[in-house]
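Working notes for the structure below.
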Amino acid sequence: MANLSTTAIRTLHRQVGILENLFQFRSFGSAVQSFDATQDQTIDWGSVPSGVSLVQALILNGASQQVWIESLDPSTTSVQLPADTLAQDTAYRLVLRWWAPSTTNLKPPTALGYISSVVMDVQTSANAADPGVSLAHVVKQREFLQEGNDQATTPVGWEFAAGVEGGLNVTGGSLAYPGGVESLQGSDGEYDIGEKVYGDQASLNIAYPNADYTLNITIDGQNQSLGPLNLTGDGYPAAPHITDAVEFQASDHSQNFTVTWDAFSGADPDDRLIIELWNRTTGDDLIFEFLDVSATSYEITGGFLTEGNQYELTILFVNTTDSLETPETVVGYISRTALEISTITSDTTLLFYKSSQNEQTGESTFAEVGYQPLSIVSGLSNTVTDAALITPFGYIPLNPAGNFFIFVWPLDTKAALDGEFPVGEYRFDLTENGAPVSYGPYDLPGDAYPEVPLFQNFGELEVFDATQDKLISWGAAPEDVT
């Protein structure tokens with residue numbers, strides 16, 4: 001059978017659209033969802049199943065007449081309803097329709113297959129844009145970076161986070177805890193205390209001890225207290241383990257792929273399991289979903305990851321220590337495992353390391369003699385004519401040597417190195433095959449220097465006969481050394 005053209009398929013779908021009011025739909029429970037029709041609204045439905053040829057979003061009025069429709073490609077997961085499309089203070093029905101043809105023909109245009117629709121009732125209201133706080137969180141998090149299919153065992157970072165999300169009538173607030181009071185920063189209903197990242201658990205606990213926390217939120221100019229919220233027990237779940245990480249990284253991302261992980265051991269019904277997918281190249285959040293705590297897999301739709309991007313897939317286990325019925329509240333301890341995925345086909349190699357240099361002074365003693373950053377960019381089959389390292393502080397050009405670029409800068413102290421090259425995001429900007437290209441951002445975590453290697457036969461090596469073979473020996477490499 002020949003495939004129908006996109007135009008022919010959409011023509012058929014528009015014609016069938018007049019039948020929508022003949023179906024009896026079941027809405028999402030009895031709750032009516034409200035929004036302000038004078039503002040743009042995003043309709044988001046997540047990933048699309050395989051085999052779908054078209055996605056339609058439409059709105060019917062109380063007489064089941066179609067007042068708005070958008071026909072979209074199957075890779076689309078959201079659409080914007082423009083402001084003032086609908087009347088204010090009016091009830092509507094929102095319909096999402098997925099088309100999956102199984103048999104098609106061109107002459108005449110013919111399609112046989114299946115449709116899945118889902119409906120929810122909505123209400124436009126001038127007051128709906130300001131619902132107050134919809135989500136609050138106070139969490140401690142440890143992060144793991146998984147490489148290969150083995151479970152990550154060493155945290156690469158520790159973090160504290162607190163904040164709220166809500167309507168435009170939320171205009172700020174503060175966090176009160178034993179260490180003092182911190183203002184929440186942000187705008188448009190989203191406020192938090194900012195990034196609080198630490199190199200180890202002890203530093204995190206000193207800054208934000210296990211205790212009761214209270215969020216004081218300004219809503220419609222008045223203070224509303226959320227709490228006290230109990231954050232105690234150091235109950236970090238086991239690190240999520242992505243069992244098919246290598247297979248997903250190497251997969252043909254044009255095809256559906258089911259990511260799997262080990263079960264959330266010991267989870268209670270109040271605990272949370274979250275999956276995130278972030279496009280690091282564009283900064284877009286593609287997936288953020290709360291899953292059932294018993295879930296151990298999630299299907300990523302083919303075409304969701306596209307060529308030329310860096311992505312980060314994350315599984316989060318949340319051990320909830322406290323909650324509120326209203327608003328939705330996440331309080332507790334998170335173990336987060338991230339997996340980096342690249343769809344970039346370039347074979348340019350990129351490198352940035354912070355280096356500690358030491359001199360061995362005895363059988364088991366050494367002295368620090370300096371520190372330096374080392375950055376290298378090397379083109380393989382392609383041609384690189386310019387390269388720069390972008391640090392949290394700015395732009396550093398790398399020195400060219402043909403298709404090879406390097407930057408080194410000897411420094412006397414660790415403090416000097418950390419001051420110039422802190423924890424944070426790094427990027428490489430290149431001219432590759434005549435075109436500008438940017439790779440990253442990449443995360444540089446806190447101190448993760450391997451333990452200093454020592455020559456085990458130090459005494460024998462101080463003076464030896466160069467006419468004879470000489471064995472140079474050292475201890476076994478620490479875990480994670482590449």
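The values are calculated or read from the model by the stated rules, or taken from the named source; none is laboratory data. Because the structure is predicted, anything quoted here is derived from the model rather than measured. Please note: Cβ atoms are built from the backbone with ideal geometry, for glycine as well, and neighbour counts cover all protein chains shown. Areas reflect the complete protein model, heavy atoms only, side chains present, ligands, DNA and RNA absent. Shrake-Rupley method; radii C 1.70, N 1.55, O 1.52, S 1.80 Å.
Could we say that Pro74 is at pLDDT below 85, farther than 30 Å from Tyr236 by Cβ and touching a strand residue (DSSP E or B) at 6+ places or on another chain (Cβ under 8 Å) here?
Details: at pLDDT below 85: yes; farther than 30 Å from Tyr236 by Cβ: yes; touching a strand residue (DSSP E or B) at 6+ places or on another chain (Cβ under 8 Å): yes.
Yes; evaluated as a whole, the condition is true for this residue.
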### Query
In the stretch 42-68, what count of residues is obtained for those that are closer than 14 Å to Val119 by Cβ and either among the β-branched types (Val, Ile, Thr) or open to solvent by less than 20 Å² (accessible area, probe 1.4 Å) (or both)?
6
### Query
Can you name the residue in the stretch 116-146 that is β-branched (Val, Ile, Thr) and modelled with pLDDT of 85 or more and is also surrounded by the most Cβ atoms within 10 Å (Cβ to Cβ) among such residues?
Val138
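For the stretch 334-350, does any single residue satisfy the condition of being charged (D, E, K, R), in contact (Cβ under 8 Å) with a residue 12 or more places away in the chain, assigned to a strand (DSSP E or B) and in contact with a Leu (Cβ under 8 Å, 6 or more places away or on another chain)?
Going residue by residue through the stretch 334-350, those that are charged (D, E, K, R) are 336, 340, 347.
Narrowing the set further to residues that are in contact (Cβ under 8 Å) with a residue 12 or more places away in the chain leaves 336, 340, 347.
Within this subset, residues satisfying the condition of being assigned to a strand (DSSP E or B) are 336, 340.
In the following step, the residues that additionally are in contact with a Leu (Cβ under 8 Å, 6 or more places away or on another chain) were identified as 336, 340.
There is at least one residue in the stretch 334-350 that is charged (D, E, K, R), in contact (Cβ under 8 Å) with a residue 12 or more places away in the chain, assigned to a strand (DSSP E or B) and in contact with a Leu (Cβ under 8 Å, 6 or more places away or on another chain).
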### Query
Of all residues in the stretch 439-459, which are surrounded by 11 or more Cβ atoms within 10 Å (Cβ to Cβ), assigned to a loop (DSSP other than H, G, I, E, B) and among the charged types (D, E, K, R)?
Asp447
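Yes or no, residue by residue, for (1) at pLDDT 85 or above; (2) in a loop (DSSP other than H, G, I, E, B); (3) aliphatic (A, V, I, L, M); (4) surrounded by 12 or more Cβ atoms within 10 Å (Cβ to Cβ):
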{"site": "Tyr426", "(1), (2), (3), (4)": "yes, no, no, yes"}
{"site": "Asp429", "(1), (2), (3), (4)": "yes, no, no, yes"}
{"site": "Leu461", "(1), (2), (3), (4)": "no, no, yes, yes"}
{"site": "Ala476", "(1), (2), (3), (4)": "no, yes, yes, no"}
### Query
Got a number for residues in the stretch 317-333 being of a type in the set (S, T, N, Q), under 14 Å from Ser134 (Cβ atoms) and in contact (Cβ under 8 Å) with a residue 60 or more places away in the chain?
1
### Task
Please go through the stretch 238-285 and pick out each residue that is open to solvent by 50 Å² or more (accessible area, probe 1.4 Å) and hydrophobic (A, V, I, L, M, F, W, C).
Ala238, Val246, Ala250, Ala263, Trp278
## Note on the structure
Reported set for the stretch 247-256 where residues are under 18 Å from the mean Cα position of the chain (by Cα) and over 21 Å from Phe317 (Cβ atoms) is Gln249, His253
### Given (1) farther than 30 Å from Gln88 by Cβ; (2) loosely packed, with under 15 Cβ neighbours inside 10 Å; (3) modelled with pLDDT under 90, index of the condition Val156 fails
(2)
### Whichever residue in the stretch 29-41 is among the small types (Gly, Ala, Ser) and open to solvent by 30 Å² or more (accessible area, probe 1.4 Å) and, among such residues, is modelled with the highest pLDDT
Ser34
### Task
Scan the strands (runs of 3 or more DSSP E) fully inside the stretch 127-186 and keep the ones with 2 or more residues being in contact with an Asp or Glu (Cβ under 8 Å, 6 or more places away or on another chain).
133-145, 157-166, 170-177
### Summary
All conditions in (1) touching a His at 6+ places or on another chain (Cβ under 7 Å); (2) hydrophobic (A, V, I, L, M, F, W, C); (3) assigned to a strand (DSSP E or B) are true of Leu305 except (3)
### Task
Restrict the check to the stretch 351-365 and report whether at least one residue is farther than 28 Å from Phe458 by Cα and surrounded by 12 or more Cβ atoms within 10 Å (Cβ to Cβ).
yes
### Query
So Thr321 clears everything in (1) under 13 Å from Asp271 (Cα atoms); (2) assigned to a strand (DSSP E or B); (3) open to solvent by less than 30 Å² (accessible area, probe 1.4 Å) except one condition, right? Which one?
(3)
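One line per residue, one yes/no per condition, for (1) free of Cβ contacts under 8 Å to residues at least 12 places away in the same chain; (2) among the aliphatic types (A, V, I, L, M); (3) at negative phi:
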| position | (1), (2), (3) |
| --- | --- |
| Ile376 | no, yes, yes |
| Gly402 | yes, no, no |
| Phe405 | no, no, yes |
| Leu417 | no, yes, yes |
| Val423 | no, yes, yes |
| Asp429 | no, no, yes |
| Leu444 | no, yes, yes |
### Task
Could you give me the residue pairs with C-beta distances under 6 Å whose first residue belongs to the stretch 56-77 and is over 30 Å from Asp285 (Cα atoms), whose second residue is of a type in the set (Gly, Ala, Ser) and assigned to a strand (DSSP E or B) wherever it lies, and which are 6+ apart or on separate chains?
Gly62/Ala91
### Message
Just the residues that are within 23 Å of the chain's Cα centre (by Cα) and either at pLDDT 95 or above or under 27 Å from Asp244 (Cα atoms) (or both), please, taken from the stretch 165-184.
### Response
Leu184
### Task
Quickly run through the stretch 211-222 and pick out the residues that are open to solvent by 30 Å² or more (accessible area, probe 1.4 Å) and touching a residue at least 40 places away in the same chain (Cβ under 8 Å).
Asn216, Thr218, Asp220, Gly221
### Message
Go through the stretch 414-455 and report how many residues are basic (Lys, Arg) and closer than 22 Å to Tyr311 by Cβ.
### Response
1
### Summary
Within the stretch 393-413, restricting to residues that are outside any strand (DSSP E or B) and open to solvent by less than 60 Å² (accessible area, probe 1.4 Å), the one that is farthest from Gly199 (Cα to Cα) is Asn403
